[in-house]
Amino acid sequence: MPTIPISRSDRLFILSGAGLSAESGLPTFRGANGIWRNHRVEEVASPVAWARDPEMVWQFYTWRREVHQGCRPNPGHQALAELESKLGERLFHCTQNVDSLLDQAGAGRVVHMHGRLFWSRCDRRGCPQPPFPDERGYPDLASIPGCVCGGRIRPHICWFGETPFHLDEIFRALASSSVFLCVGSSGVVEPAASFAAEVKRHSGARTYYVGPEVPANRDSFDECFQGKAGEVLPELFQPARKTAAAVCAKQEN
Ligand code: NAD
């Protein structure tokens, strides 16, 4: 089994993508061919779609909320939650996933750069009302709530063409990390696809990837561990000293 040695002085940055939740039954964009009711996902998850047809957009997110209801965290989510409790402030976990499976596994400090499936917010820029937890579905135009400011309630999701959340915090964490691990992300969606190259260039960090397929940004990783997140992650992290001892013991035999 592959391992990543973590020393006491290491700071770890984790970037997780849709593949982390695939074993929980949530399709990745690639896995579902990126198609919903004959629409490409990019066409439904965009400000243009919202302006043109908010009913269709909410039907898409209502469907995604329903699909999520029966899903549970898998051993990959649990391994990352355990790592968070072991490393504390030395771990920064940024996810592209909008699902709440990491939260359910007990990972409470994850930064959701693409928003949250079970949160909504007002669509008016400058509205002072903050995003709020919301598990409901909105099947038609009449059911979509309005905000007190006169705006319309939309999913709290970073759509294609919008700026991801928490970027300042994310780039600060990248600059101070010595180990970078990406799990289950195809390496196509920016800006996350460039994080591995960024952390290598700025901090000289060791970079690793976990997933069944080679990502598009393979060149940015020192090592790729090919396998499913739920199978690879639970074994992946070892204290540096223990791994060195294991390697020495192997050489002596
Ligand atoms: P992606 O769909 O582009 O790529 C998914 C990657 O996961 C692929 O490279 C695939 O090989 C890998 N994968 C499949 N099964 C895996 C497994 N068991 N273990 C590990 N890896 C596995 O996803 P992305 O790079 O995260 O980017 C696409 C966008 O999709 C993001 O913006 C994200 O917000 C959104 N998205 C999120 C969810 C979710 O919240 N669960 C689901 C679908 C899409």
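Taken over the stretch 158-191, the criterion of being surrounded by fewer than 17 Cβ atoms within 10 Å (Cβ to Cβ) and without any contact (Cβ under 8 Å) to a residue 40 or more places away in the chain is satisfied by Thr163, Asp168, Phe171, Arg172, Ala175, Val188, Glu190, Pro191.
Of the residues making up the stretch 98-118, those that are in contact with a helix residue (DSSP H, G or I) (Cβ under 8 Å, 6 or more places away or on another chain), modelled with pLDDT of 95 or more and not β-branched (Val, Ile, Thr) are Asp99, Ser100, Leu101, Leu102, Gln104, Ala105, Gly106, Ala107, Arg109, Met113, Leu117, Phe118.
Which residue is most open to solvent (accessible area, probe 1.4 Å), if the candidates are limited to the stretch 192-213 and must be within 11 Å of the ligand (Cβ to nearest atom) and either of a type outside the set (A, V, I, L, M, F, W, C) or under 23 Å from Gln78 (Cα atoms) (or both)? Taking the candidates together, the pick is Glu213. Just one of (1) under 30 Å from Ser176 (Cβ atoms); (2) near the ligand (Cβ under 10 Å from one of its atoms) fails for Arg8. It is (2).
Go through Ala240, Ala216 for me and flag whichever is surrounded by fewer than 18 Cβ atoms within 10 Å (Cβ to Cβ) and at pLDDT below 95. Write out each step before concluding.
Details: Ala216 fails: at pLDDT below 95.
Among Ala240, Ala216, only Ala240 is surrounded by fewer than 18 Cβ atoms within 10 Å (Cβ to Cβ) and at pLDDT below 95.
Here is the figure for the stretch 168-208: residues that are under 15 Å from the mean Cα position of the chain (by Cα) and in a loop (DSSP other than H, G, I, E, B) total 8.
Pairs meeting the criteria (first residue in the stretch 215-231 and more than 10 Å from the ligand (Cβ to nearest atom), second residue part of a loop (DSSP other than H, G, I, E, B) and open to solvent by 80 Å² or more (accessible area, probe 1.4 Å), beta carbons under 7 Å, at least 6 apart or on different chains) are Cys224/Val214.
Of the set (1) surrounded by fewer than 13 Cβ atoms within 10 Å (Cβ to Cβ); (2) within 16 Å of the ligand (Cβ to nearest atom); (3) at pLDDT below 95, all apply to Cys248 but (2).
Anything in the stretch 33-68 that is of a type in the set (A, V, I, L, M, F, W, C), open to solvent by 20 Å² or more (accessible area, probe 1.4 Å) and at pLDDT 85 or above? List them, or say none. Break it down stepwise before answering.
So the first thing to find is which residues in the stretch 33-68 are of a type in the set (A, V, I, L, M, F, W, C), and the list is 35-36, 41, 44-45, 48-51, 56-58, 60, 63, 67.
Keeping just the survivors that are open to solvent by 20 Å² or more (accessible area, probe 1.4 Å) gives 35, 48, 50-51, 56, 63, 67.
Correct list: Val48, Trp50, Ala51, Met56, Trp63, Val67.
In the stretch 222-237, which residues are in contact with a strand residue (DSSP E or B) (Cβ under 9 Å, 6 or more places away or on another chain), surrounded by fewer than 16 Cβ atoms within 10 Å (Cβ to Cβ) and farther than 15 Å from Gly19 by Cβ? Hits for the stretch 222-237 are Asp222, Glu223. Quick one: would you say Arg52 is free of Cβ contacts under 8 Å to residues at least 40 places away in the same chain and either within 13 Å of the ligand (Cβ to nearest atom) or more than 15 Å from the chain's Cα centre (by Cα) (or both)? Yes, satisfied. Residues in the stretch 93-120 that are open to solvent by 50 Å² or more (accessible area, probe 1.4 Å) and outside any loop (DSSP other than H, G, I, E, B): Asp103, Gln104, Arg116, Trp119. Report whether or not Leu12 is open to solvent by less than 10 Å² (accessible area, probe 1.4 Å) and more than 12 Å from the chain's Cα centre (by Cα). Against the criterion (open to solvent by less than 10 Å² (accessible area, probe 1.4 Å) and more than 12 Å from the chain's Cα centre (by Cα)), Leu12 qualifies.
The values are calculated or read from the model by the stated rules, or taken from the named source; none is laboratory data. Just so it is clear, the model here is predicted, and its values are computed rather than measured. No Cβ is skipped: glycine too gets one built from the backbone with ideal geometry, and neighbour counts run over all protein chains shown. Each accessible area value is taken on the protein alone, full model and side chains, heavy atoms only, with ligands, DNA and RNA left out. Shrake-Rupley method; radii C 1.70, N 1.55, O 1.52, S 1.80 Å.
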